[in-house]
1. From the cross-link list Lys52/Lys108; Lys52/Lys120; Lys26/Lys120; Lys12/Lys120, which pairs have alpha carbons spaced over 21 Å apart?
2. As I understand it, the value is the acute angle between the Cα axis of helix 17-32 and the longest principal axis of the Cα atoms of the chain; what does it come to in degrees, rounded to 10?
3. Which of Val83, Val25, Val128, Val90 comes first, and how do the rest follow, when ranked by fewest Cβ neighbours within 10 Å?
4. Per residue of segment 156-162, what does 6.51 cos²θ - 1.76 cosθ + 1.60 with θ = phi - 60° give for ³J(HN,Hα)? Whole Hz please, x for Gly and Pro, Karplus curve as stated.
5. Once all Cα-Cα distances of the chain are split into 10 Å bins that start at 0, what whole-number percent is in each one?
6. Using Cβ contacts closer than 10 Å as the measure, can you line up Met98, Met141 from fewest to most?
7. Do the sum for the chain: with -39,500 (n - 2.57) for every DSSP H run of n ≥ 4, divided by all residues, what is the mean residue ellipticity at 222 nm, to the nearest 500 deg cm²/dmol?
8. Got a sec? How would His130, His140 order by Cβ neighbour count within 10 Å, fewest to most?
Amino acid sequence: MNVEIIYDTEYKLDIEADKIINEVVKVAIDEYYGDDDIELSVTLTDDEGIKKLNSEFREIDSPTDVLSFPMLEFGTPGDFETVSDVSDIVDPDTDEIMLGDIVISLEKVVSQALEYGHSKDRELAFLVAHSMLHLMGYDHMDDIEREDMEKRQEDILQLAGYTRD
């Protein structure tokens, strides 16, 4: 498993972001895939950086907390057996499947941790868990999908040890 973490901001958190990201990604992959032949990137940015991406890719001209850019198309969410063709998205150097990209606003990590009354560690872990599920084909477009995704997020956070304070 290869998780490339890119800092695209001067904004810094006083937490061990790399450790949190790697732990949550590992739990999500172990829980929903079971193999570590995955690679992905996580870009940590600020509100301005994520606002630009949100505007470009979603035509929403405001910052958001996290964006997910999946590389795989799942027939059934989380079921890697239903992925159409992975030949175009296998890294030839590592034979790892390129799962996708995650972009997180560190400013949103701080503001949402305050808003929801929990730690920055837990908020970052939540955003990574949420985005990992998107990379594995899950969504929250209706109430059934939303409830399922919320349960899976909580399962990942519990297993990784990032519970609400």
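Each value in this text was obtained by applying a stated rule to the coordinates, not by laboratory testing. No experiment lies behind these values; they were computed from the predicted model shown. Note that we place each Cβ from the backbone using ideal geometry, even for glycine, and neighbour counts take in every protein chain shown.
1. Lys52/Lys120
2. Its long axis makes an angle of about 40 degrees.
3. Numbers: Val83 17, Val25 25, Val128 29, Val90 14.
Placing the least packed residue first, the sequence is Val90, Val83, Val25, Val128.
4. 4, 5, 4, 5, 7, x, 10
5. 11, 40, 38, 12, 0
6. On the way: Met98 19, Met141 8.
Final ranking by Cβ density, sparse to dense: Met141, Met98.
7. Per the formula, -14500 deg cm²/dmol.
8. Working: His130 24, His140 16.
Placing the least packed residue first, the sequence is His140, His130.
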